[in-house]
1. Quick one: would you say residue A:193 is within 13 Å of chain B (Cβ to nearest Cβ) and of a type outside the set (D, E, K, R)?
2. Looking only at residues in region A:2-44 that are within 13 Å of chain B (Cβ to nearest Cβ) and surrounded by fewer than 10 Cβ atoms within 10 Å (Cβ to Cβ), which one is modelled with the lowest pLDDT?
3. Any residue at all in region B:373-381 that's farther than 18 Å from residue B:112 by Cβ, free of Cβ contacts under 8 Å to residues at least 60 places away in the same chain, outside any helix (DSSP H, G or I) and more than 14 Å from every other protein chain (Cβ to nearest Cβ)?
4. Can you find a residue in region A:252-271 that is of a type in the set (Asp, Glu) and surrounded by fewer than 22 Cβ atoms within 10 Å (Cβ to Cβ)?
5. On the given criteria, is residue A:188 surrounded by fewer than 16 Cβ atoms within 10 Å (Cβ to Cβ) and free of Cβ contacts under 8 Å to residues at least 40 places away in the same chain?
6. Hey, any hits in region B:150-173 for a residue that's without any contact (Cβ under 8 Å) to a residue 40 or more places away in the chain, closer than 30 Å to residue B:364 by Cα and aromatic (Phe, Trp, Tyr)?
7. Among the residues that make up region B:63-86, is at least one of them acidic (Asp, Glu) and in contact with a Pro (Cβ under 7 Å, 6 or more places away or on another chain)?
Amino acid sequence: MHKSKSMYPYYLVWPALIIYFIFFAFPALIGFYYSFTDWRLDRDTIQFVGWDNFKAIFSDKVLILALKNTLIFAVVTVIGKNIFGLLLAIGLNMKLKTRNVLRAVYFSPSILSILVISIIFTPILRTEGMINSLLGKLGLESLAQAWLTNPSIVVWTIAAVSIWQSVGFQMAIYLAGLQSISKEYYEAAKIDGASAWRSFTNITLPLLLPAININIMLTLIGGLKVFSEVYVLTGGGPGNASQVVGTIILRAFGEGNWGLGTAVNTLLFISVSVIAVPLIMFMRRKEVAE
Amino acid sequence: MKPKMRTIALSVIASTMALSLAACGSDNKGETAGESSNKNNSGSKSNVTLELAISKSSQDSPFIADWLLKEFETETGIKINLQLIPAEQSTTVLQTKLAVNEVPDLIQYNLASAVTDLNLERNFEILDNEPWVDRILNADVLSAYGNIYSFHVSQDTGMQGVVYNKDIFEELNLEIPTSYEEFLAVCEAIKASGVTPVFMPYKDAWAANIWPAAAFADYAAKNDPTLFDDINANKKNWTDIPELEGILDQQYQIFKLGYTNADVLSDSYDMAVGKFLNKEVAMMFMGDWLIQNIESQDPEMNLGLFAIPYGEDPTIGASPLGGQLFIPKNSKHIAEAKQYLAFIASPEIAQKIVDEERYVSNLSDVTTPEQPAYKQEIIDNYITPKKVTLTMDAHTVVDQNEWYRNLQDHFTGSITPKEVLENWDVKFKDLMKAKGVEGF
């Protein structure tokens with residue numbers, strides 16, 4: 001790095017830092033404290049109760065189910081959004097006449113409100129809905145499912161909707177990454193007789209790592225913090241079959257059990273950090289400079 | 001990180017920040033508007049704007065009718081700003097507003113739920129000394145803990161049972177069933193005629209509660225009058241009474257025998273009116289408010305209500321009165337909010353509302369208009385012969401959502417009625433313990 005006069009003085013960072021502290025860091029810290037209390041709607045006083053809230057969390061079978069669902073959702077969406085996002089990006093990075101139109105088409109679901117998505121998908125996914133009647137017409141009745149009301153598949157359905165919605169966003173990031181790779185590498189590889197697959201694994205993938213890292217982090221954190229998709233499509237139902245950590249927090253708050261809700265929130269914060277921070281550091285080291 | 005990627009990352013972060021700031025911004029706007037109108041409070045007419053919070057599902061409430069708000073403003077200069085809260089979030093939003101002291105000046109809510117969800121005693125103003133109190137006929141429907149906490153011009157608590165299409169019953173020569181076996185026979189006959197006998201919109205989990213809430217209460221009143229008191233004092237468990245399992249199984253069997261819509265867990269309550277209007281369905285377990293909703297769309301519809309036929313000669317379920325107006329203790333404009341209640345309670349205005357809604361009047365100088373046929377029938381068949389029992393909801397003092405979710409789970413076929421009661425027993429005790437109820 002060559003020495004240059006810094007364009008802006010450091011004190012300009014203060015407004016952002018103050019906002020960050022007041023609206024994020026401070027509430028998060030206070031949250032740690034409240035998660036060890038019996039803070040409730042109908043109590044005037046708040047008492048310190050030690051680990052009680054956390055013990056309650058791990059003895060609640062609905063919460064264990066919610067943790068399991070959250071993990072399934074996170075893993076499935078990370079894989080789905082990234083693989084399909086990358087494939088779309090590679091496809092739409094080719095010289096197609098319609099590529100600008102197609103890019104816009106694939107990107108458009110990610111700017112839709114999740115409520116709109118729910119209004120579109122709820123009738124499609126009904127037992128008598130479009131997907132099942134389509135399967136019926138193709139002679140595949142045996143594949144028809146109660147997509148949103150069968151407890152054993154509902155989480156997968158929500159994950160699929162989530163992939164459909166945000167794959168265009170992942171595609172956009174991959175596209176930007178792909179376009180920043182210089183053509184010269186491919187030309188050199190071609191002269192050396194490399195196959196398309198070899199250029200993909202030895203040129204594209206390594207140089208795309210920063211984009212892959214960002215996408216994996218975004219989808220992983222988004223997956224672990226999932227709330228709105230589940231909330232609008234099933235509300236955690238049927239029964240508690242599709243509860244995730246996010247909806248459990250809402251449930252605890254709804255029951256007036258704010259201490260417990262905050263404890264679940266703290267747990268979520270810690271789990272996301274424990275998973276995300278080491279992963280970020282690991283992936284950073286793998287990045288190569290062009 | 002390469003410059004391009006950094007730009008992308010930065011713009012992602014920047015847009016997130018912008019969004020969260022925008023969200024804060026819109027909140028502040030409401031606040032300053034309220035304050036500035038407060039400062040201008042010097043003319044002969046008040047310039048106050050009252051904030052009235054109400055669930056979106058109650059948007060047809062007569063207390064927020066356009067003409068009423070306008071007349072109130074012309075008379076007093078006080079504006080009323082409505083805060084419509086999404087139905088499924090109304091509890092959470094109101095709890096949060098009360099907790100952080102960002103309170104509306106008026107809230108429309110159900111009294112019984114205000115006791116369980118909103119900490120009535122701590123958060124709301126006692127209205128015992130308001131000018132309209134002397135004219136109230138039935139103060140019980142507005143009171144809790146011995147004080148009047150809420151306001152309504154009606155004293156008509158909703159009745160819960162089986163809403164049915166009388167024309168279909170007549171065409172098929174069917175009688176009102178008074179036992180479970182008779183009910184199944186009625187279902188069979190209706191099904192044979194090509195109409196869906198029962199509409200179950202159990203995507204909305206609470207709708208699955210109408211059958212058990214009325215049946216449990218009737219069972220308790222006839223066989224075990226202290227049942228709910230014992231459960232609330234931890235002297236009995238929900239799992240102790242095998243008959244309750246039977247009642248849950250009855251409702252499930254109606255579905256299993258094919259007497260309902262196919263997709264009970266996908267269909268929601270808001271579809272009910274349409275299903276009745278199109279004569280696709282003949283019956284539904286619901287409150288009489290549904291009849292009013294349907295008949296307001298098509299006065300030709302001929303509907304009635306009978307008691308949940310879980311056993312011999314059942315009584316009809318009465319739900320606690322809902323839709324009252326409350327004034328939070330920390331409202332900035334308590335006097336003006338009280339003025340609004342007094343305005344609605346004035347004989348002329350109250351009469352207009354009571355007439356329009358065909359309420360059973362709760363004010364001594366406001367007359368009850370002629371009741372619709374279905375209501376008169378409920379009065380003749382159930383209320384006058386005293387065949388009415390308060391539903392289970394009136395006895396439950398904790399949040400019931402987990403109970404509803406278990407009922408819904410039952411309909412996925414993944415748990416048995418016994419497990420429904422076991423799960424609820426555990427949750428119920430947790431909630432009672434957390435609430436600090438004696439005995440838990």
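1. Details: within 13 Å of chain B (Cβ to nearest Cβ): no; of a type outside the set (D, E, K, R): yes.
No; evaluated as a whole, the condition is false for this residue.
2. A:44
3. Scanning region B:373-381 turns up no residue that is farther than 18 Å from residue B:112 by Cβ, free of Cβ contacts under 8 Å to residues at least 60 places away in the same chain, outside any helix (DSSP H, G or I) and more than 14 Å from every other protein chain (Cβ to nearest Cβ).
4. First, the residues of region A:252-271 that are of a type in the set (Asp, Glu): A:255.
Keeping just the survivors that are surrounded by fewer than 22 Cβ atoms within 10 Å (Cβ to Cβ) gives none.
Within region A:252-271, not a single residue is of a type in the set (Asp, Glu) and surrounded by fewer than 22 Cβ atoms within 10 Å (Cβ to Cβ).
5. Working: surrounded by fewer than 16 Cβ atoms within 10 Å (Cβ to Cβ): yes; free of Cβ contacts under 8 Å to residues at least 40 places away in the same chain: yes.
Judged against the criteria, residue A:188 is a match.
6. Here is the first cut: in region B:150-173, the residues without any contact (Cβ under 8 Å) to a residue 40 or more places away in the chain are B:170-173.
The next check asks that each one be closer than 30 Å to residue B:364 by Cα; those that pass are none.
Within region B:150-173 (the criterion being without any contact (Cβ under 8 Å) to a residue 40 or more places away in the chain, closer than 30 Å to residue B:364 by Cα and aromatic (Phe, Trp, Tyr)), the answer is no, since none of the residues qualifies.
7. Within region B:63-86, the subset acidic (Asp, Glu) is B:66, B:71, B:73, B:75.
Subsequent filtering for residues that are in contact with a Pro (Cβ under 7 Å, 6 or more places away or on another chain) retains none.
Checked region B:63-86: no residue is acidic (Asp, Glu) and in contact with a Pro (Cβ under 7 Å, 6 or more places away or on another chain).
Each row is one residue, and each column tells you yes or no for (1) more than 26 Å from residue B:174 (Cα to Cα); (2) in contact with an Asp or Glu (Cβ under 6 Å, 6 or more places away or on another chain); (3) modelled with pLDDT of 95 or more.
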| site | (1), (2), (3) |
| --- | --- |
| B:200 | no, no, yes |
| B:211 | no, no, yes |
| B:229 | yes, no, no |
| B:265 | yes, no, no |
| B:294 | no, no, no |
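The values are calculated or read from the model by the stated rules, or taken from the named source; none is laboratory data. It should be emphasised that the depicted structure is a prediction, and the values quoted were computed from it without experimental measurement. Reconstructed Cβ throughout: ideal geometry from the backbone, glycine too, with neighbour counts over all protein chains shown.
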